[in-house]
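Comments concern the structure below.
The values are calculated or read from the model by the stated rules, or taken from the named source; none is laboratory data. Bear in mind that the values here come from a model prediction, so they are computed numbers and not experimental data. Using ideal geometry, Cβ is built from the backbone for each residue, glycine included, and neighbour counts are taken over all protein chains shown.
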């Protein structure tokens with residue numbers, strides 16, 4: 001026997017099923033920064049007069065093999081959907097099909113937007129078809145693809161409502177307390193006052209509260225359906241009538257559209273404007289935070305307010321034009337084209353049956369997982385997601401501990417209507433075995449003591465990170481670190 | 001994939017698994033789980049027919065093949081630089097591409113470090129203390145700069161000044177952001193393609209919260225009065241927002257040195273190539289305005305082991321915490337494009353960046369001379385220094401020439417009755433001679 005035996009025993013005892021993330025260390029840091037590996041200051045000599053140019057430029061200077069290793073190591077200290085399950089509520093983390101990446105890489109897709117329409121029929125054709133497919137899926141009459149993300153879609157919708165109401169002096173937008181933070185921020189960005197609607201006891205819109213909130217000042221009611229608790233707003237027809245009776249419009253936040261694919265359409269429920277999150281519902285990659293795309297659908301009489309240019313069929317194919325009452329621009333060009341292209345490919349791949357199956361399996365998965373999880377889930381019946389309560393545990397700590405079980409944790413502490421919320425959306429891409437693994441992680445963590453939770457995570461690249469310290473003394477660049 | 005003949009190819013349930021799961025939740029079929037009232041249920045068909053993977057790829061190749069095969073000499077805010085193979089191969093690693101926003105930083109150190117490095121590169125290029133880790137594009141970054149100005153200069157007024165020569169899309173987005181913040185956008189004149197500082201001086205007043213100028217401008221002119229513009233803005237307590245891009249900033253005077261308070265621009269100039277206008281909004285500003293910055297910020301911290309780590313920070317500025325009082329509504333951003341730009345910048349290194357930028361000056365001068373040699377064509381129209389692109393005047397209708405050049409396989413901008421704009425980078429320079437010959441033919 002050698003001296004290693006005790007260590008080996010300990011490792012054996014601590015071993016859990018799951019995952020140990022790669023961890024590259026270098027003294028008191030993990031992988032060094034590019035600038036710490038090699039930096040070089042070069043002097044700048046150009047044909048320009050010296051007073052127009054800088055004297056020198058100092059940036060990292062590494063060879064290609066060194067860079068390949070740098071980024072590969074960093075990628076190993078990052079968790080993606082192909083690493084393991086990613087059940088973040090309201091984020092719809094689906095597997096991103098590989099073929100869509102190949103579609104986005106087709107050389108003919110790499111074109112400049114200032115070409116003449118007749119030389120751009122390929123791009124405009126994809127736009128035209130995707131507009132049409134999204135309109136069908138949402139039950140809308142027209143769709144713009146320009147907004148580069150869901151929040152940009154919201155702003156587009158709010159501006160359309162503002163233009164529609166022009167001269168009416170409607171100053172308020174009503175938003176349920178359980179809505180995404182972007183709804184509030186988008187309304188405020190367009191200059192509206194936000195009226196917050198408290199959720200009813202059943203977690204849905206409380207019609208009495210809505211009655212009290214609604215008035216001739218109401219420009220728009222923004223709703224997510226199913227809402228962030230996974231609940232379908234059963235009174236949607238009545239809600240729609242109430243809003244329309246006072247002359248307001250109804251907006252659909254598409255974050256949770258995956259639950260309804262092929263089964264119910266916002267347009268049929270009375271929604272006038274909606275956005276789609278293609279990086280959720282239509283499986284384009286989240287890219288570590290973006291790019292996404294947030295197309296906006298509208299009913300017929302709002303079509304003329306859409307951002308410019310809009311795309312329509314013409315005698316010779318497709319053309320760009322400026323809608324008569326356009327709200328103007330929401331992106332400098334046509335939006336996140338390469339993201340839209342992936343979504344167009346995904347929708348075509350799935351077709352009616354695939355889309356219907358996606359909503360079926362996403363709802364089955366959420367319900368099955370909820371059934372296997374031994375935590376209180378206060379509301380129901382839910383659809384594609386549920387919000388469990390970590391109860392007497394801190395949800396953020398419970399989430400950190402789940403990382404040690406080789407799964408990404410749910411969204412935590414939101415919506416606030418559930419104490420210590422664990423908002424969970426497995427999507428349709430997980431099979432039973434993975435859902436069982438997820439449930440086991442939930443249940444194992446639920447039985448652990450606070451000390452264990454607070455010491456987590458242990459098996460990720462980094463251990464628990466000091467968030468308070470990061471905000472108290474912000475160091476946001478390697479230059480800031482060098483000043484220390 | 002033989003277990004499911006119909007349905008989503010990415011829902012992996014076998015029939016027996018599905019049955020076990022249905023049993024566990026106590027229903028006979030998935031449809032029983034939906035709590036949707038009958039009057040809003042959709043029983044129709046969408047009419048989208050499914051395709052095999054092979055069919056979709058073939059179909060998409062065919063549709064995109066409808067684009068004419070043009071050599072593009074197009075710019076005006078969207079540029080094509082050669083993107084090294086390294087960028088695609090590293091950026092496509094699934095750990096980057098398919099990851100989520102780094103709300104669990106312990107398991108996302110890799111991406112956070114890349115974004116921290118991206119922010120640092122922008123700090124070096126701008127000379128300003130803080131850069132965020134991306135906005136959608138240059139236009140939305142300009143809009144965010146204006147709303148930042150309205151917050152930090154709240155008492156001084158409501159006017160934002162922009163140059164009369166500006167990409168229409170950029171102005172359009174700015175106006176939509178400005179309206180909600182009760183700002184008005186006004187233009188100031190330009191003289192020979194650059195800022196008319198005398199006219200700007202007449203236009204500016206103490207009620208101006210921000211002055212915006214570009215270098216290079218939308219016409220490719222390198223602005224020579226940035227110091228003066230910065231001083232003018234400063235003397236009226238207005239912010240000076242400079243629009244540029246990371247390649248140009250590799251050689252142009254540091255924005256901080258000419259008094260810029262905010263730097264915005266199109267950072268997808270690195271890392272992406274032409275993508276029908278898809279971009280990456282660069283946003284850097286002074287440290288004084290840190291708590292007013294829109295979008296996500298990555299900061300350094302320590303973990304329990306005492307090692308340096310990275311995390312999203314100062315999130316109380318953001319919509320998921322501050323809601324209607326957030327600095328912006330942005331949530332999903334362009335993180336993966338920022339990663340691409342960072343890898344591209346690292347791949348070039350300081351020498352490569354300076355060389356790329358210097359080429360954008362020298363090459364443009366040379367090509368303008370070639371174009372100027374064409375009978376009936378004058379280039380550059382503006383007697384200024386140029387970067388990547390320049391304007392040419394012709395005796396002919398610019399629209400007609402644009403169309404004829406397109407027929408001959410070349411893309412250029414017609415920006416006015418007799419003005420063409422031509423952009424040259426390393427990706428189209430090999431076609432310059434042929435292009436100039438063709439220009440000669442169509443202008444005869």
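Data overview
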read-out: Positions within segment B:415-432 being part of a helix (DSSP H, G or I) and in contact with a helix residue (DSSP H, G or I) (Cβ under 8 Å, 6 or more places away or on another chain), in sequence order; value: B:429, B:432
read-out: Residues satisfying the stated conditions in segment B:15-42, i.e. more than 7 Å from chain A (Cβ to nearest Cβ), part of a helix (DSSP H, G or I) and more than 18 Å from residue A:357 (Cβ to Cβ); value: B:23, B:38
read-out: Qualifying helices (runs of 4 or more DSSP H) (wholly inside segment A:110-198; at least 3 residues being more than 20 Å from the chain's Cα centre (by Cα)); value: A:121-138, A:150-164
read-out: Residues being crowded, with 24+ Cβ neighbours inside 10 Å and more than 7 Å from chain A (Cβ to nearest Cβ) - total across segment B:63-78; value: 2
read-out: Count - residues of segment B:15-42 that are in contact with a helix residue (DSSP H, G or I) (Cβ under 6 Å, 6 or more places away or on another chain) and at positive phi; value: 0
read-out: Residues satisfying the stated conditions in segment B:311-342, i.e. within 20 Å of residue A:412 (Cβ to Cβ), crowded, with 23+ Cβ neighbours inside 10 Å and modelled with pLDDT of 95 or more; value: B:311, B:313, B:331, B:332
read-out: Any hit, segment A:295-307, residues being touching a helix residue (DSSP H, G or I) at 6+ places or on another chain (Cβ under 9 Å), part of a helix (DSSP H, G or I) and over 27 Å from residue A:190 (Cα atoms); value: no
read-out: Condition met for residue B:45 (loosely packed, with under 15 Cβ neighbours inside 10 Å, within 7 Å of chain A (Cβ to nearest Cβ) and on the phi < 0 side of the Ramachandran plot); value: yes
read-out: Of all residues in segment A:102-120 being more than 7 Å from every other protein chain (Cβ to nearest Cβ) and free of Cβ contacts under 8 Å to residues at least 24 places away in the same chain, the one that is surrounded by the most Cβ atoms within 10 Å (Cβ to Cβ); value: A:105
read-out: Test for residue A:335: is it facing another protein chain (nearest Cβ under 8 Å) and over 23 Å from residue A:435 (Cα atoms); value: yes
read-out: Options B:355, B:362, B:324; residue that is under 30 Å from residue A:49 (Cβ atoms), within 9 Å of chain A (Cβ to nearest Cβ) and part of a helix (DSSP H, G or I); value: B:362
read-out: Among (1) buried (at least 22 other Cβ atoms within 10 Å of the Cβ); (2) in contact with a strand residue (DSSP E or B) (Cβ under 7 Å, 6 or more places away or on another chain); (3) not assigned by TED's automatic domain parsing to the domain that holds residue B:381, the one test that residue B:99 misses; value: (2)
read-out: Scan of segment A:75-95 for residues that are touching a strand residue (DSSP E or B) at 6+ places or on another chain (Cβ under 6 Å) and part of a loop (DSSP other than H, G, I, E, B), ordered by number; value: A:87, A:89
read-out: Some residue of segment A:381-393 being surrounded by fewer than 22 Cβ atoms within 10 Å (Cβ to Cβ) and closer than 19 Å to residue B:31 by Cα; value: yes
read-out: Matching residues in segment A:361-383 - criterion: being within 24 Å of the chain's Cα centre (by Cα) and assigned to a helix (DSSP H, G or I); value: A:361, A:362, A:363, A:364, A:365, A:366, A:367, A:368, A:369, A:370
read-out: Segments classed as helices (runs of 4 or more DSSP H), wholly inside segment B:84-139, with at least 2 members that are under 16 Å from residue B:296 (Cβ atoms) and facing chain A (nearest Cβ under 7 Å); value: B:109-126
read-out: Boolean, residue A:152 is facing chain B (nearest Cβ under 8 Å), touching a strand residue (DSSP E or B) at 6+ places or on another chain (Cβ under 9 Å) and within 24 Å of residue A:324 (Cβ to Cβ); value: yes
read-out: Scan of segment B:167-200 for residues that are buried (at least 18 other Cβ atoms within 10 Å of the Cβ), more than 11 Å from chain A (Cβ to nearest Cβ) and in a loop (DSSP other than H, G, I, E, B), ordered by number; value: B:193
read-out: Residues being touching a residue at least 12 places away in the same chain (Cβ under 8 Å), surrounded by fewer than 17 Cβ atoms within 10 Å (Cβ to Cβ) and within 19 Å of residue B:128 (Cα to Cα) - total across segment A:446-480; value: 0
read-out: Candidates B:311, B:332 - the one that is within 9 Å of another protein chain (Cβ to nearest Cβ), out of contact with any strand residue (DSSP E or B) (no Cβ under 7 Å at 6 or more places or on another chain) and outside any helix (DSSP H, G or I); value: B:332
read-out: Options A:398, A:421: the member that is closer than 24 Å to residue A:229 by Cα, in contact with a helix residue (DSSP H, G or I) (Cβ under 9 Å, 6 or more places away or on another chain) and away from every other protein chain (no Cβ under 13 Å); value: A:421
read-out: Scope segment B:147-160; condition surrounded by fewer than 24 Cβ atoms within 10 Å (Cβ to Cβ) and either more than 14 Å from chain A (Cβ to nearest Cβ) or in a helix (DSSP H, G or I) (or both); matching residues; value: B:147, B:150, B:151, B:152, B:153, B:154, B:155, B:156, B:157, B:159
read-out: Residues being without any contact (Cβ under 8 Å) to a residue 12 or more places away in the chain and at the interface with chain B (Cβ under 7 Å from one of its Cβ atoms) - total across segment A:52-66; value: 4
read-out: Flag if residue A:293 is buried (at least 21 other Cβ atoms within 10 Å of the Cβ), within 30 Å of residue B:110 (Cα to Cα), more than 7 Å from every other protein chain (Cβ to nearest Cβ) and over 20 Å from the mean Cα position of the chain (by Cα); value: no
